[in-house]
Structures are given as C-alpha cells and as structure tokens.
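Worksheet: one structure, shown below.
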Amino acid sequence: MCSNRWYIGEIECIGQGIGSKALELFLDIFVFPNFDAVFVDPDTANIAALRTYNKVGFKMINQMCDGEVRLMIKENRKKISIKTAS
C-alpha cells in the first residue's frame, strides 16, 4: 500500500479538472504498477481535495464520530478488493 500527498498551488489552476487528471495519470503510471492500493488523509476542511479524491475513485475507509473523513483509499482495480466503509 502507498500513501500519497497531492498539491496544486496555483490558485488559477484550481477547479479546472487538472488535479484529478494529473492524479489519475500519476497513480496509473507510478503507483499501481508497484502497489495494490493508495491511501490519503485529506484535510477535512479542504473541500476541493475531497471532491478531487472522490472524482478519481477514492473511497472513505475511516470516519470519526464527528463526521470528518480521516482516511480514503483507492484500489488498483486490476489487483485486489479492500472492504471500505459504507
């Protein structure tokens, strides 16, 4: 399993779909040839990040009682299946 941090720093680039496309390419080229899954622990206040991870196919696997997302995972769809939170 791999952990990943992803940042887009230029404000004019946010909201154009660049992050999700770049993240999908990065995962397909560099992560999934070597790992079964990747997880992220997004800042729950970062709505754009949560939207991007959901769009790319990450699923919540751990949520605290206050409703904040703590861990999200994306499986290598060609290799394994990991049980995620409903």
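The values are calculated or read from the model by the stated rules, or taken from the named source; none is laboratory data. If you're wondering where the values come from, they're calculated on a predicted model, not measured in any experiment. Note: ideal-geometry Cβ built from the backbone for every residue, glycine included; neighbour counts use all protein chains shown.
With the condition kept exactly as written, say whether any residue in the stretch 58-75 is touching a Leu at 6+ places or on another chain (Cβ under 6 Å) and at pLDDT 80 or above. Full working, then the answer.
The first filter runs over the stretch 58-75 and keeps only residues touching a Leu at 6+ places or on another chain (Cβ under 6 Å), leaving 61-62.
After this cut, where a residue has to be at pLDDT 80 or above as well, the list is 61.
Yes, the stretch 58-75 contains at least one residue that is touching a Leu at 6+ places or on another chain (Cβ under 6 Å) and at pLDDT 80 or above.
Kindly provide the set of residues from the stretch 26-48 that are among the small types (Gly, Ala, Ser) and either at pLDDT 90 or above or under 14 Å from Lys74 (Cα atoms) (or both), ordered by number. Write out each step before concluding.
First, the residues of the stretch 26-48 that are among the small types (Gly, Ala, Ser): 37, 45, 48.
Once the filter is applied, which keeps residues that are among the small types (Gly, Ala, Ser) and either at pLDDT 90 or above or under 14 Å from Lys74 (Cα atoms) (or both), the stretch 26-48 yields only Ala37.
For the stretch 16-42, what are the residues that are assigned to a loop (DSSP other than H, G, I, E, B) and either free of Cβ contacts under 8 Å to residues at least 12 places away in the same chain or more than 23 Å from Arg70 (Cα to Cα) (or both)? Write out each step before concluding.
As a first pass, look at the stretch 16-42 and keep what is assigned to a loop (DSSP other than H, G, I, E, B): 16-17, 32-36, 41-42.
Hits for the stretch 16-42 are Gln16, Gly17, Pro33, Asn34.
Give the residue that is surrounded by the most Cβ atoms within 10 Å (Cβ to Cβ), with candidates limited to residues of the stretch 43-58 that are assigned to a loop (DSSP other than H, G, I, E, B) and under 8 Å from the mean Cα position of the chain (by Cα). Explain how you work it out, then say what you get.
Looking only at the stretch 43-58, we keep the residues that are assigned to a loop (DSSP other than H, G, I, E, B), and these are 43-46, 57-58.
So of that shortlist, the ones also under 8 Å from the mean Cα position of the chain (by Cα) come out as 57-58.
Working: Gly57: 15, Phe58: 25.
Across the stretch 43-58, the extreme among qualifying residues is Phe58.
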